[in-house]
Amino acid sequence: MPARALLPRRVGHRTLASAPALWASIPCPLSELRLDLVLPSGQSFRWREQSPAHWSGVLADQVWTLTQTEEQLHCTVYRGDKSQPGRPTPDELEAVRKYFQLDVTLAQLYHHWGSVDSHFQEVAQKFQGEYRTWAGVRVLGHKLLLYDTVLPPVEAHLRKLGLGYRARYVSASARAILEEQGGLPWLQQLREASYEEAHKALCTLPGVGTKVADCICLMALDKPQAVPVDVHIWQIAQRDYSWHPTTSQAKGPSPQSNKELGNFFRSLWGPYAGWAQACTLLPTPTPPSYRCCSVLTCTNPTVLRSHQQSAERVPKGWKSRWAPSPPFPTSLSPSPPSLMLGRGLPVTTSRARHPQIKQSICTTRWAGGY
C-alpha cells in the first residue's frame, strides 16, 4: 500500500502531549527550522496540520507526524497497514535530518555571508524577505502526481490543472526522461554528478534553459552553489554589486552571462551561494494589503524603505498573526530564521527548508511525499 494512502483527510494520530513515549526527538532550535513556515510552503504540498502545531505527511515512504518545541524537533512514525504510530528508530530519524539538511547550520552561513558581503549584512538586518501566497501551487501539487508512464493526453490534462504554456514543456520533458534517458534513475544519478554535469544534462530537456536548470540543481539535486539568474538578479548585480559581464556583450540574461554572474556570486558567497540568494525570498507573514519585497532582489529602493515603514502600521486585529519577525541577524547569536533548501532524499521528494519555488519542467520534482 502506498504511504500516501495511509494519510486520509484526518489522520487519527497522537499528539506529543498525549503519547510522549511514541515520539523521538532531534536537537533543532526554532531559529534553524520553523515547521509552520516550511511545510505549508510552495515546495512541500502534502503536509497537513492535523492538530495545532502537529504536521502529518509522507517522508521516505512512511507517514510521519512532526511537531516542535523551542529546542527539539519531535517525530513519530506510522508503520504498516494499521497506521499505528511508533517511536522512530535512529535510522528513521536520520531520514528526517537529511530531509531538512539539519547538518547545515544557518547561523554560521549568515555570519559568513554578512562578513564577506557588506550589502547583504546591511539589508538583511532591515528586511524580512518576500511573502508569497502558494494557494494555487498547493492545489496543483495535490493534483499533479508522479507516474512512471506518459500517456498521450497528459498535456491537455496539465493545461486543465493550470500549467498553461508550461504544460507542453512538462509533457515533453517527462517523455524525454522516460523514453530517452531511462527514467527516474537518470534523474537520481544527477544528484551524484558535478554541478556542471547536472546543469548541462538538464539543459538538454525540452523547455529547460539555464535558469530552470539552476533551479532544479539548487532545489532538487543537492547543488547549493547553483545561482538561478533572471532579469531581476541581473539588475541587482549591476545596481548593488557594480557587476557587468566581461565575456559577452549581453545586455540581459543569456547562457554565457548567467554562468558568469553565477560564478561572481559563488566567488563572493561561497559553496552555498544559491542559499544566500534564495534566503532573501523567505516568506514573512504580512497583512495581504501590504507589499513585501525581497531583501537583495528588490529593484526599487523606495519599496525597500516603505516595507519597513509598513510593518509599523499593522492594523488592529492583525498583530498576533502577522506581526513582523525580528530582522535577520548576521552574527552567530541570535540565529537567523529557517531556510528551506534541497534536502538529501530522492529527486521525487522535496528536500528543502526554503519555501521558495522556481518553475521546474521536471514533473518528478517538487512535492514532498508524492
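The values are calculated or read from the model by the stated rules, or taken from the named source; none is laboratory data. Small disclaimer: the values here were computed from a predicted structure and weren't measured. Counting neighbours? That spans all protein chains shown, and the Cβs are built from the backbone with ideal geometry, glycine included.
Numbers for the structure displayed
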{"item": "Matching option when the condition is assigned to a loop (DSSP other than H, G, I, E, B) and among the basic types (Lys, Arg), among Lys251, Lys259", "result": "Lys251"}
{"item": "Output for region 223-241, where each listed residue is in contact with a Gly (Cβ under 9 Å, 6 or more places away or on another chain), of a type in the set (D, E, K, R) and under 14 Å from Pro255 (Cα atoms)", "result": "none"}
{"item": "Among the candidates Val137, Val150, Val154, Val104, residue that is more than 29 Å from Pro27 (Cα to Cα), of a type in the set (Val, Ile, Thr) and modelled with pLDDT of 75 or more", "result": "Val154"}
{"item": "Any hit, region 88-107, residues being under 27 Å from Ala278 (Cα atoms) and touching a Ser or Thr at 6+ places or on another chain (Cβ under 7 Å)", "result": "yes"}
{"item": "Conditions (1) buried (at least 20 other Cβ atoms within 10 Å of the Cβ); (2) modelled with pLDDT of 90 or more; (3) farther than 26 Å from Ala220 by Cβ; number of the one not met by His13", "result": "(2)"}
{"item": "Tabulated pairs, region 177-205, first without any contact (Cβ under 8 Å) to a residue 40 or more places away in the chain and on the phi > 0 side of the Ramachandran plot, second in a helix (DSSP H, G or I) and surrounded by 12 or more Cβ atoms within 10 Å (Cβ to Cβ), C-beta under 7 angstrom, 6+ apart or interchain", "result": "Gly183/Ile177"}
{"item": "Enumerated helices (runs of 4 or more DSSP H) restricted to region 164-248, each holding at least 3 residues that are crowded, with 19+ Cβ neighbours inside 10 Å and hydroxyl-bearing (Ser, Thr, Tyr)", "result": "166-179"}
{"item": "Residue check for Tyr195: within 20 Å of Ala276 (Cβ to Cβ), under 19 Å from the mean Cα position of the chain (by Cα) and at pLDDT 90 or above", "result": "yes"}
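Here is a yes/no grid of residues against (1) free of Cβ contacts under 8 Å to residues at least 40 places away in the same chain; (2) surrounded by fewer than 20 Cβ atoms within 10 Å (Cβ to Cβ); (3) not acidic (Asp, Glu):
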residue	(1), (2), (3)
Ala19	no, yes, yes
Leu33	no, no, yes
Ser41	no, no, yes
Arg48	no, yes, yes
Ser51	yes, yes, yes
Ser56	no, no, yes
Gln72	no, yes, yes
Thr76	no, no, yes
Gly80	yes, yes, yes
